[in-house]
Amino acid sequence: MRNYTQQDIDAFKAKYPNVVREVSVYPSDVEKDENGNPTEDPVRFLIKKPNQHFIRLIQSKEYSGDADKIADAAIKNCVLAGDMAALENDGSVYMGLVEQLMVLIQSSKVQLKKV
């Protein structure tokens, strides 16, 4: 279920060019049909990819080794819109979203070659 509009998406894309994404999270208790497809709509969130300021924040001493603090900071800094009640009340939604945000935080692939 989406609780934001196309206008919201466009506004966020204008404010944060090239970094807005939509994440769909299926709660762990969603049933599946005979083909293995979920029978309910996912919980949806608009997120922005983390910026350099956020990466520096979570690398600071204050956040060092504290996975819960990093996860909370990722949600506060990267989630633009979505079903915040589901995020707060369903641990599987929280974990699914946090896992996706952690993927975005990982380093990009880099290639170095001798010239």
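The values are calculated or read from the model by the stated rules, or taken from the named source; none is laboratory data. If you're wondering where the values come from, they're calculated on a predicted model, not measured in any experiment. A quick note on method: Cβ atoms are made from the backbone with ideal geometry, for glycine too, and the neighbour counts reach across all protein chains shown. Just the protein is used for accessible areas: all its heavy atoms, side chains included, with ligands, DNA and RNA removed. Shrake-Rupley method; radii C 1.70, N 1.55, O 1.52, S 1.80 Å.
Total residues in the stretch 75-95 satisfying the condition of being open to solvent by less than 60 Å² (accessible area, probe 1.4 Å) and charged (D, E, K, R): the figure is 2. When only residues in the stretch 25-40 that are open to solvent by less than 80 Å² (accessible area, probe 1.4 Å) and within 20 Å of the chain's Cα centre (by Cα) count, which is modelled with the highest pLDDT? Restricting to residues being open to solvent by less than 80 Å² (accessible area, probe 1.4 Å) and within 20 Å of the chain's Cα centre (by Cα), the top hit is 25. Note on the stretch 41-74: residues that are under 10 Å from the mean Cα position of the chain (by Cα) and open to solvent by 20 Å² or more (accessible area, probe 1.4 Å) amount to 4.
Quick one: which of 98, 103, 110 is of a type outside the set (Phe, Trp, Tyr), loosely packed, with under 11 Cβ neighbours inside 10 Å and outside any loop (DSSP other than H, G, I, E, B)? None of the other options fit; the residue is 103.
Of the residues that sit in the stretch 1-24 and are among the aliphatic types (A, V, I, L, M) and assigned to a helix (DSSP H, G or I), which one is surrounded by the fewest Cβ atoms within 10 Å (Cβ to Cβ)? Step through it out loud before you land on a result.
The initial filter retains those residues of the stretch 1-24 that are among the aliphatic types (A, V, I, L, M), namely 1, 9, 11, 14, 19-20, 23.
Narrowing the set further to residues that are assigned to a helix (DSSP H, G or I) leaves 9, 11, 14.
Working: 9: 16, 11: 15, 14: 9.
Going through the qualifying residues, I end up with 14.
The criterion of at least 2 residues that are touching a Leu at 6+ places or on another chain (Cβ under 7 Å) is met, among helices (runs of 4 or more DSSP H) falling completely within the stretch 34-92, by 67-78.
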